[in-house]
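The structure appears below as structure tokens.
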Amino acid sequence: MRFGTILSSLLAIIATTVNSQNILIHKTNKKIKIDGDLTDWKTPFLGPFVIHNTGESATQKTFVSLSWNNKNLYIAYNCTDSKIVGTLQAKDSQIFQTDDLAEIFLDPDGDSQNYIEIGVNAFSTKYDLLLKCISDECGGWNTSMDFDIKGLETVSKINKDGYTVEIKIPFSSLRKIKNGGFSKPKVGTKWKGNAFRIDYGNTTEYLALQPYKSLKFGFHQPQEFAVFEFVD
């Protein structure tokens, strides 16, 4: 889909700036088709993203919306990008080192261990990663690129203003994460997580929906993840 000036302005108007409050995941009864077309999204878009460790404004705008039903979590990104960097690559390529992309980190039990990371570039290349441990308290950095989310769907679309990304994550696939502490969400359930974007265009920027208070560099600060709350 090609986003025109009117739609881009509308997203900016309905967007909600996120500071330290809970990030609401609205329940939907509407069918969401994962095709990169965001015109069927009815839940609010949040943003714009900021520099992840300073909170300063980003060069280019990024907005995200999260929605859920009884089976899936849905995430949509709208990324303004005047210089898209990346290519179509094999699944689980380390595109976070080379390509513009959108990312989501989710820690259902909020213990800073066994959380998932999903990244998608502008060409629909995706990876899913399990972060078993990243601190000395649990044994040091331990990740698994062999981890696969069964039923994961992702589609990106390039448009005249940048690109969009849609993601569908089946809840059934998260139940199988060992020591993940997952339970199927209901209204009032709270997870920890954050949404990110890496922009390698005219200037490299690492962006987050909610910036970190510690000012540390790097997205992997699970103790500072935002609170995602499932609501009607």
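The values are calculated or read from the model by the stated rules, or taken from the named source; none is laboratory data. Computed from a predicted model, the values in this text were never measured in an experiment. Reconstructed Cβ throughout: ideal geometry from the backbone, glycine too, with neighbour counts over all protein chains shown. SASA here: full protein model, heavy atoms, side chains in, ligands and nucleic acids out. Shrake-Rupley method; radii C 1.70, N 1.55, O 1.52, S 1.80 Å.
Key figures
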{"read-out": "Scan of the range 179-195 for residues that are touching a Phe, Trp or Tyr at 6+ places or on another chain (Cβ under 7 Å), outside any loop (DSSP other than H, G, I, E, B) and open to solvent by less than 30 Å² (accessible area, probe 1.4 Å), ordered by number", "value": "191, 193, 194"}
{"read-out": "Tally of residues being assigned to a strand (DSSP E or B), more than 14 Å from the chain's Cα centre (by Cα) and closer than 21 Å to residue 228 by Cβ across the range 132-153", "value": "1"}
{"read-out": "Residues (open to solvent by 40 Å² or more (accessible area, probe 1.4 Å) and within 13 Å of residue 65 (Cα to Cα)) located in the range 25-36", "value": "26, 27"}
{"read-out": "Leading residue by the ranking (surrounded by the fewest Cβ atoms within 10 Å (Cβ to Cβ)) among those in the range 154-178 that are not aliphatic (A, V, I, L, M) and not in a strand (DSSP E or B)", "value": "178"}
{"read-out": "Close pairs from the range 215-229: first at positive phi, partner surrounded by fewer than 17 Cβ atoms within 10 Å (Cβ to Cβ) and of a type outside the set (A, V, I, L, M), Cβ under 7 Å, at least 6 apart", "value": "215/54"}
{"read-out": "Restricting the range 202-232 to residues that are over 21 Å from residue 76 (Cα atoms), touching an Asp or Glu at 6+ places or on another chain (Cβ under 7 Å) and in a loop (DSSP other than H, G, I, E, B), the residue that is least open to solvent (accessible area, probe 1.4 Å)", "value": "212"}
{"read-out": "Selected residue [at pLDDT 95 or above, within 19 Å of residue 153 (Cβ to Cβ) and not hydroxyl-bearing (Ser, Thr, Tyr)] from 58, 90", "value": "90"}
{"read-out": "Residue 198, sole failed condition from (1) open to solvent by 40 Å² or more (accessible area, probe 1.4 Å); (2) assigned to a strand (DSSP E or B)", "value": "(1)"}
{"read-out": "The range 113-148, residues that are among the small types (Gly, Ala, Ser) and open to solvent by 30 Å² or more (accessible area, probe 1.4 Å)", "value": "124, 135, 139"}
{"read-out": "Residue pairs meeting the criteria (Cβ under 9 Å; at least 6 apart or on separate chains; first at pLDDT 95 or above, in the range 181-196; second buried (at least 23 other Cβ atoms within 10 Å of the Cβ) and of a type in the set (Gly, Ala, Ser))", "value": "194/208; 195/47; 195/102; 195/208; 196/102; 196/119; 196/208"}
{"read-out": "Which numbered condition residue 151 fails, given (1) surrounded by 15 or more Cβ atoms within 10 Å (Cβ to Cβ); (2) closer than 22 Å to residue 38 by Cβ; (3) touching a Pro at 6+ places or on another chain (Cβ under 9 Å)", "value": "(1)"}
